[in-house]
Structure formats: structure tokens, C-alpha cells
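K.L.:
The structure's right below; bear with me while I get my questions together.
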Amino acid sequence: MGAYIVRRALIAIPLLAMISFAAFVFQHLSPLDPAEVVLHSQGVPKITDELIAETRAELGMDRPFLIRYLDWLVSCLQLDFGKSYVANQPVWSLLGPALLNTLKLTLVSVAAILALSVALGVACALKAGRWLDKSIRGLSFVLTSAPSYWLAALMVWYFSVKLDLLPTSGMDSARSYVLPVAVIAIGYAGIYFRVIRSSMLGNLNEDYVLYGRACGLPESTLVRRVLKNSLQVAISIFGMAIPTILGSTVVVENLFAWPGLGTLSVRSVLSRDFPVIQAYVLVLAAAFVLFNAVSDIASAAVNPKLRNDL
Amino acid sequence: MNSLEVSNLKIGDDATGRALVRNSSFLVEPGSCTAIVGESGSGKSLTCRAILRLNPAGLRQSGSIALGGVDLTKLSEREMRKIRGRRLCLIVQNGMRAFDPSSVVGVHLRETLNRHFGWSRAEMTARMGKAMESVRLKDPVAVMNSFPHQLSGGMLQRIMIALALVLEPDIVVADEPTTALDTVSQYEVVEQFASLRARIGCSMIFVSHDLGVVRRLADEILVMRDGEIVESGPTRKIFSEPRHAYTRHLISAKEALNRRFNHVMGGDDVVDR
């Protein structure tokens, strides 16, 4: 198992290198000159060619491409993503807190998704074809197909405005988490519990369940075994859910004024704040690679067959 | 030891209304081995599972199944669970799929023994180890700490036999236990079934479509076709004077195969195993 973890971690390194290079190249494909963006955002009244050349030198844009990339990469590794063109402060001082806030929202959401999907998936699999199974699946179908902004608006109207139970926006207390987490969790749990349900149903038909029953083992033991085997499929999906949610909280964060990555990224795109966007892309891509590796390792911990792969 | 008497067993599919087993009755004497032969879909496995009451809920089952005078069909699920494993042991076809793939096989063995006996972990390991050695599994401790995918089908089959040896049931129900194995493992497993019966004196219901194996193990044979027992009787009699056309067909097919084999091998007579 230890050897597997090391091998899996080593694979992530070239991936990360490629992603960082792509992020750097894409920025340079943009027709906008960073120097101009900087001068614009500083409110310089008249932008002359001299001024642009001066700013380019100041930004280090006059050096060869590869040198600039390596330089940038080394500073990125030290969490130095440069300075925001617009806010005129280090990117990390903007990105760090936003990342932390989004991460909090994501992790609480994933915990809720996991709890909901496992509970619903197990209940539906054990009662497959009965009214409980049918009604849960029917309801989830309606809820997952509802757009999240609409669902969010309805929930804000009902729980915050009508009942005055929960805050409409911001991130002030534990109660602030309830609505955004609910909106995110409903969308994802409605899909994932089906994965667990169908995987459990497949496993319940396996010979090991029949043989276990034939040995006199109680249903609770067998359900535990089936769940453990069914979660293997789910682990890789849940592992990828974390970075996916990290990157897709834009709508929910903007609706609930959550001070996270979603809000920051939209603001940066609109003001063409390249260093922030670049760092955002890099951090998200790194999160994908990282959580992918973590979910692979978790899968291998549950499914010993996978340890010999790679 | 107790006898098992199946009377008027009927199994039907609720959804389609089709009869899958029609009115089967047979008696397994204490310590004897009854083989059920017939093609796939003839109702052999359904009969086995009906005895343990393990057919899926969508199948309707009627008739009585008496183990030592107690009608199993009248027991509560809870009482039935105590009988499964302890007095009725099932051995399934494919060893590779009989054990939880994400746990080492020892987990299943200990959980099962824990259900039926109040033994300590050390005692369970000791008894299991002894039984595993007697079915020629070398290094039982290593085997118990292996995942199913690290063992062969024949080894897993023998682990099930070893578990039955420790459980000492009245009846072992073996549902095509040799079908998924290669010829060499088949031979070893069949020998272990023979010695399992000799050692704990259990009765056995042995499902197979390999007549050679059946001849080696069975005292009585039931021939099933389309959910019906078309012929039954002592093994020797079934082989020497088969009455039903289908039984004759099975035996002649087997003999034709033997003749072809002998011809290819260039010999005259190869003793039928």
C-alpha cells in the first residue's frame, strides 16, 4: 500500500507541470497587453508607448518566454503568484482567503452529499421497486433537474424571507452554511445516490451475498459488506466531486454573496486581472490532480485488487 | 444425523406465472449422497436454494422440507438463519465469487463461526487451520489472510469444504461445485467432498452435470428436466438400466464422449473415473 501511494504521487508531478505550462501559455495567447491593463487600472490618463515599454520591463515581460515561465513556476511553488493588476496587492492575499472559504463550503457540501447519497442509496437499494424507492427517485429527479439559481431563490424566499430562519447571504455563522450547502447538495446527491443504489443492487445479486446468507450471517453483516463493495465505485466519483464543486460554486457563491473563489473569479474575469485568473486556474487544476490522486489511493485502500495496477 | 425429506416442492415465478419446479419429492437418507443431474435451467439450483429458503422473493415456493422431522418451511426467518450454515451448508459453484472481494477470506470464516459457536478467535483459527490442512491447503494462516483474488478457484472451493468440516452440518448442499474448475482441481475437489462425507458423516446433495463425478460420489441419483424429476434411483441402477429416454440420452452422450476420447488417445479402454 505504501509503495502504491508513492507511485501514485509521482504520477501527479508531470501532470502538474503540464498544467502549469498550459496555464502560462494560454495567458500569453490573449490579445491584451498586460502592461496596458496595469496602466488602465492605475488610471493613468495618457498611455504612451514609452510608458508601456517601461511597465513591461517592470513586469519582466521583456525577458525570454521560457525564463519567464520557470521564474513564474518557482515563485508559484512558494505561493507567490505575483501582484494583482487591479487591487495592487499580492494575488495570494486575495486568493488564499477566498480558496479557504470555498474549501469550507465544498467540504461541508461533500459531507452532506455523502451522507445523503449513502442513506438514500442504501434505503432505495434495500427497498428496490417498492414505493419508498420509487418516490425518492421521483422526487430526486424533480430536484436535480431544477436549476440551482431557481432552487436557491425559492429557498431564500421560503426560509429567509417568509420564515426568517436563515440569513440570505454572507458567511457570518454556521447558519450561513445551511442554504448554500443545501442547494449544492441537492443537485449532486440526486445523482450520486443513484450510483450507490445501482451499485448496491448489482452487489446484492453477487454469489458472496448468497453464500453469506447460506452460512447463516445476518442481513446487517451482508448489507455492510455490500455497502463496502459498492462504495468503491462511489469513492472515485466522490473524489472528483470535491474539485468539481470547488470550480462550480460560481453560481451559488454569487447568489449568496459567499466570499469565495467563485465570486473572486467572476470579478477578476470582468476586470481582466490576469495574475488572479492564472492563479485561479492553476489552483483549481492542482486541486483536480490532487483529489484525483487521493481518490485513487482511497479506492486502492478499499479494493486491494487495484494496488497492483500502475 | 438427520434425514431430509422434500415433499411436493413447487416453485413458480410470481411475475410470469411460470412453474419452474413442479411437484418434486425425494428423500435424502442420513449419511447418503443424492446427486441431482440435468441440463441448465432444469431446476437443480432452484431446488437446492429452496431447501435453504434462499430463492429470491419473487419466486413462490410451496411444499414441505423436513429436516429430521422439522418442517423448515414453517420456521421463522430468525430460526432459519440458525439452521443455515450450522445444519445445512451450501457450497456454491464459483469459489472466485463466493467471498467478499474486499476482505481477506478469514473475515468470512470468523464471522460465520462466531454466529454459530462461542469460540475465541484463537480457537476459531486453530480449528479452521486444522480443517484447511485436511483439505490440503498448505499454510492455512497465510490463506486466511489472503484476499479471494489472490487464491485459485480450487483453493476457494476447498476453503468452503473446510468451513463445512468445522461447522459439521447434517447436510451439505453442493451446487455444481466443480463446474468452474479445471480438470485437475476438479479431481482434487471431488476427492475432498468424498472425504468430507466420510469424516463428519453428513448427507449430501450434489448437483452436477458431470456424470463421472456423480458416479464417484452419489448413492442415489435424481434426473431433472424442465423442473420435473423424470427418473430417480440408486446410482448403479440408473447407469446400468436407465428407464427414461432423457437419462439414456445423458448416459449415451457421456459414453460417446469417452469412446471419442479413447479413440483420440489411441487406447482401447480408459477406466471411467
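K.L.:
List, please: which pairs have Cβ atoms under 9 Å, are six or more places apart or on different chains, and start with a residue in the range B:137-152 that is within 22 Å of residue B:183 (Cα to Cα) and end with one that is in a loop (DSSP other than H, G, I, E, B) and among the β-branched types (Val, Ile, Thr)?
P.N.:
B:148/B:104; B:150/B:104
K.L.:
Could you check, for the range A:27-38, whether at least one of its residues is modelled with pLDDT of 80 or more and surrounded by 13 or more Cβ atoms within 10 Å (Cβ to Cβ)?
P.N.:
no
K.L.:
Which ranges mark the helices (runs of 4 or more DSSP H) fully within the range A:244-304 that have 3 or more residues being among the polar types (S, T, N, Q) and modelled with pLDDT of 85 or more?
P.N.:
A:261-270
K.L.:
When the residues of the range B:172-199 are narrowed to those that are among the aliphatic types (A, V, I, L, M) and more than 14 Å from the chain's Cα centre (by Cα), which ends up nearest to residue B:133 (Cα to Cα)?
P.N.:
So, considering only residues that are among the aliphatic types (A, V, I, L, M) and more than 14 Å from the chain's Cα centre (by Cα), the one nearest to residue B:133 (Cα to Cα) is B:198.
K.L.:
Give the residues of the range A:58-103 that are of a type in the set (Lys, Arg) and either assigned to a helix (DSSP H, G or I) or buried (at least 16 other Cβ atoms within 10 Å of the Cβ) (or both), sorted by residue number.
P.N.:
Matches in the range A:58-103: A:68, A:83.
K.L.:
Can you tell me which condition residue B:107 does not meet? The list is (1) outside any loop (DSSP other than H, G, I, E, B); (2) touching a Ser or Thr at 6+ places or on another chain (Cβ under 7 Å), and all the others hold.
P.N.:
(2)
K.L.:
Another question, if that's okay. Of all residues being under 24 Å from residue A:144 (Cβ atoms) and hydroxyl-bearing (Ser, Thr, Tyr) in the range A:182-223, which is nearest to the other protein chains (Cβ to nearest Cβ)? Just the residue, please.
P.N.:
Here the residue is A:199.
K.L.:
On to the next question. Please go through the range A:108-145 and pick out each residue that is among the polar types (S, T, N, Q) and under 19 Å from residue A:232 (Cβ atoms).
P.N.:
A:117
K.L.:
Name the one entry in B:179, B:235 that is in contact (Cβ under 8 Å) with a residue 40 or more places away in the chain and either over 23 Å from residue B:84 (Cβ atoms) or not β-branched (Val, Ile, Thr) (or both).
P.N.:
Checking each option against the conditions leaves just B:235.
K.L.:
Which residues, taken from the range A:169-202, are among the β-branched types (Val, Ile, Thr) and surrounded by fewer than 16 Cβ atoms within 10 Å (Cβ to Cβ)?
P.N.:
Hit for the range A:169-202 is A:191, nothing else.
K.L.:
Also, quick follow-up: Quick check: is even one residue across the range B:165-175 within 29 Å of residue A:233 (Cβ to Cβ), in contact with a helix residue (DSSP H, G or I) (Cβ under 6 Å, 6 or more places away or on another chain), part of a strand (DSSP E or B) and within 11 Å of chain A (Cβ to nearest Cβ)?
P.N.:
There is at least one residue in the range B:165-175 that is within 29 Å of residue A:233 (Cβ to Cβ), in contact with a helix residue (DSSP H, G or I) (Cβ under 6 Å, 6 or more places away or on another chain), part of a strand (DSSP E or B) and within 11 Å of chain A (Cβ to nearest Cβ).
K.L.:
It is to be established whether one or more residues within the range A:285-300 are within 14 Å of chain B (Cβ to nearest Cβ), of a type outside the set (D, E, K, R) and surrounded by 21 or more Cβ atoms within 10 Å (Cβ to Cβ).
P.N.:
Looking for residues that are within 14 Å of chain B (Cβ to nearest Cβ), of a type outside the set (D, E, K, R) and surrounded by 21 or more Cβ atoms within 10 Å (Cβ to Cβ), one finds at least one in the range A:285-300, hence yes.
K.L.:
For the range A:117-127, how many residues meet the condition of being surrounded by 16 or more Cβ atoms within 10 Å (Cβ to Cβ) and closer than 17 Å to residue B:58 by Cα?
P.N.:
Total satisfying the criteria: 2.
K.L.:
Starting from residues that are of a type in the set (Ser, Thr, Tyr) and modelled with pLDDT of 90 or more, keep the ones in the range A:178-227 and report whichever is farthest from residue B:177 (Cα to Cα).
P.N.:
Per the criteria, the residue is A:198.
K.L.:
Just to be sure, is residue A:109 in contact (Cβ under 8 Å) with a residue 12 or more places away in the chain, surrounded by 15 or more Cβ atoms within 10 Å (Cβ to Cβ) and within 14 Å of chain B (Cβ to nearest Cβ)?
P.N.:
For residue A:109, the condition - in contact (Cβ under 8 Å) with a residue 12 or more places away in the chain, surrounded by 15 or more Cβ atoms within 10 Å (Cβ to Cβ) and within 14 Å of chain B (Cβ to nearest Cβ) - is not met.
K.L.:
Within the range B:110-119, can one find any residue that is within 21 Å of residue B:195 (Cα to Cα) and either within 14 Å of another protein chain (Cβ to nearest Cβ) or aromatic (Phe, Trp, Tyr) (or both)?
P.N.:
no
K.L.:
Moving on. So which of A:188, A:211 ends up being outside any loop (DSSP other than H, G, I, E, B) and free of Cβ contacts under 8 Å to residues at least 60 places away in the same chain?
P.N.:
Just a single option satisfies the conditions, and that option is A:211.
K.L.:
Would you please name the residue that is farthest from the chain's Cα centre (by Cα), looking only at residues in the range A:156-168 that are assigned to a helix (DSSP H, G or I) and surrounded by fewer than 19 Cβ atoms within 10 Å (Cβ to Cβ)?
P.N.:
A:162
K.L.:
If I ask for residues that are under 14 Å from residue A:185 (Cα atoms) and part of a helix (DSSP H, G or I), which ones from the range A:143-154 would you list?
P.N.:
Passing the criteria: A:143, A:144, A:145, A:148, A:149, A:151, A:152.
K.L.:
Next up: Find the residue count for the range B:56-83, including only residues that are in contact with a Gly (Cβ under 6 Å, 6 or more places away or on another chain) and facing chain A (nearest Cβ under 7 Å).
P.N.:
So the count comes out to 1.
K.L.:
Quick check: is even one residue across the range B:37-54 within 14 Å of another protein chain (Cβ to nearest Cβ), at pLDDT below 95, closer than 18 Å to residue B:202 by Cα and part of a strand (DSSP E or B)?
P.N.:
no
K.L.:
Quick one: count up the residues across the range B:84-104 that are at the interface with another protein chain (Cβ under 7 Å from one of its Cβ atoms), in contact with an Asp or Glu (Cβ under 9 Å, 6 or more places away or on another chain) and not in a loop (DSSP other than H, G, I, E, B).
P.N.:
Of the residues in the range B:84-104, 2 are at the interface with another protein chain (Cβ under 7 Å from one of its Cβ atoms), in contact with an Asp or Glu (Cβ under 9 Å, 6 or more places away or on another chain) and not in a loop (DSSP other than H, G, I, E, B).
The values are calculated or read from the model by the stated rules, or taken from the named source; none is laboratory data. All values reported here derive from a predicted model rather than from experimental measurement. With ideal geometry, Cβ positions are generated from the backbone for all residues, glycine too; neighbour counts draw on all protein chains shown.
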